[in-house]
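This report concerns only the one structure given below.
What follows is calculated from the coordinates using simple rules that are stated; it is not laboratory data. This is a predicted model, so every value here is computed, not measured. Cβ sites come from the backbone with ideal geometry, for glycine too, and all protein chains shown count toward neighbours.
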Amino acid sequence: MKLNLNSEDIFHINSDLFDTVYEKTQNKKSVFGIDYADGKPIVGLWYPSKRIFGNDFPKSRDAFLWILERLLREGRIKLHKNGVFFESSIENQIEAFKQAWPETDKPYPDHPDADFYLWFYDPECPAGIAWRKEDGSYEIAD
């Protein structure tokens, strides 16, 4: 699966989540920027993707994957499964998400009213995240 984000989409993600300093804060973190997701489970990266692209599920998915990859490359997060950190390349870690990602925002046909965010807690989700702390260690957020 190739990401279908154009340069305008990436500019919007960067501007909205990474580059803009918001004055409204909660616990000294912007309620809109990516720092607000710091310390939260992996589903915390889905919410800003969804906020930016709304009901455009493919774009929200691609934004999520782009954000995930950026945070991995910056060393701000690590992926893990059941507490064991992934040691594969970042490309392989992102590919695991691409392969496992549901085709629609309704991954549970027997429960059509279930929110997509539940998938991040499903065993089918390839990983959870750990956030880098100030001392350089990583704390699992799930």
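May I ask you to derive the FRET efficiency for S7 and I140 from their Cβ-Cβ distance with R0 = 22 Å, giving the value to the nearest 0.05?
The formula returns an efficiency of 0.05 here.
If each residue of separation counts as 0.36 nm, what is the full-extension length gain between Y121 and K106 once their alpha-carbon separation is subtracted?
Separation in residues times 0.36 nm, less the Cα-Cα distance, equals 4.0 nm.
Which aspartates and glutamates, if any, have their Cα less than 18 Å from the Cα of K81, not counting same-chain residues under 8 positions apart?
E69, E91, E95, D122, E124, E139, D142
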